[in-house]
1. I need the per residue convex hull volume for the stretch 84-364, using only the alpha carbons, in cubic angstrom as a whole number.
2. Compute the acute angle (0 to 90°) between the alpha-carbon long axis of helix 390-400 and the principal axis of greatest extent of the alpha-carbon atoms of the chain; round to the nearest 10°.
3. Listed highest first by mean packing, meaning other Cβ atoms within 10 Å per residue, what order do 63-70, 183-190 come in?
4. Evaluate Rg over Rh across the stretch 199-257, taking Cα atoms for both radii and Kirkwood's formula for Rh.
5. Can you pull the Kirkwood radius for the stretch 13-81, inverse mean 1/r over Cα pairs, to one decimal in Å?
6. Show me 268-279, 320-331 ranked by packing, highest mean number of other Cβ atoms within 10 Å first.
7. Calculate how many DSSP beta bridges within the chain are antiparallel, expressed in % of all such bridges and rounded to the nearest 5.
8. Determine one quarter of the surface area of the Cα convex hull of the stretch 380-454, which equals its mean projected area, and express it in nm² to one decimal.
Ligand SMILES: Cc1ncc(COP(=O)(O)O)c(C=O)c1O
């Protein structure tokens, strides 16, 4: 606040002006909430952050109200807030987007999603996915024996798939075979040829035909975070030669009829839709190659990779994505149909293992704000002392001469004089007070310039 003995950089701006200039829409824009919020998060007219859930009708809940409710129940921050309605909505959107793409393309099969347990192993998350997902026969992906036990205990719907990836020992395989005997579609996806003899031995011993899948190593290099682990550098999956060894071994054991699924996970958080299209195209070539070898097939599992636009930029940068959910589904469905139709191959069930895209929006970390720092302009003298350094006098003159017509010039001059004073300070030729004065005058210049530009 200006006093008669101090200099005010904006004598004619009032708090009301500032309020008029800034709105909740400005806040939403500044933090990009409407871009990364994907319709689940927003800033309400009263300035509070809200989460929006659609359950038949649209409901908006203030996060501050939730925090108040938590405090009343004696819950302390920090806390992880999980919103199961958002989780349900994601499962609904994913399944319905695939259903739309399938119907629009005249695709003759269906979609089955599975959630990879490793992406979020919290029991309330898995319970909710199994429970709500049963409307869509949404299943689970298990990467270990423990996860297979979780999947078997949670999935009540026997049309939901269980996809077993990861290394499998005899115990793991027996568990999956018993599930199969109970009518649960539980697939063993071969990551290495060494797993096959155990599967064949155990299934013969228990007299249960396994459902077998093969994970291929795609040559498609994806952009984004997993770029270096994709394509030929990927450590998971069978090489083409390894795949043929598996086929020959299945043929020799008279078990080729068990090979029904092809699995291909290109990487997580794939920001560019073109990589996804290329990956699906290559997977289709492998799929038709397996049919040509005599495997019945029926399922094409495209793994995870559906990205989350964490930064809301809608580009192919690492933490963003240059496509929408509908486009993702349309690209997959159309690529499969266009690749297999000319070969007269029946359309497979499309399986995807979306992890991050399923759960990312449904949980958030709430924490207390411990401190708020505002820029309070420091009071400046009306005049500088006669003996102040010449550079400070020059800087002060810039402040007094700020003019919208000379916007750039004033800005450049202010930074120049401030940096000169800092240089003197570094060399020990000026003191702390002079440096502070230079920095304060510069801030006053910047504030005055900002006020000029806002008018
Ligand atoms: C085999 C497999 N499937 C699915 C996923 C999930 O990927 P995303 O979270 O990108 O959907 C991963 C990685 O986490 C994976 O390794």
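1. Spread over its residues, the Cα hull of the stretch 84-364 gives 114 Å³ apiece.
2. 80 degrees
3. 183-190, 63-70
4. 1.14
5. Radius from the Kirkwood sum: 13.9 Å.
6. 268-279, 320-331
7. Just about 35 percent of them are antiparallel.
8. 4.6 nm²
Values quoted throughout were computed directly from the atomic coordinates according to the rules given, and no laboratory measurement underlies them. Bear in mind that the values here come from a model prediction, so they are computed numbers and not experimental data. When we count neighbours, we look across all protein chains shown, and the Cβ atoms used for this are built from the backbone with ideal geometry, even at glycine.
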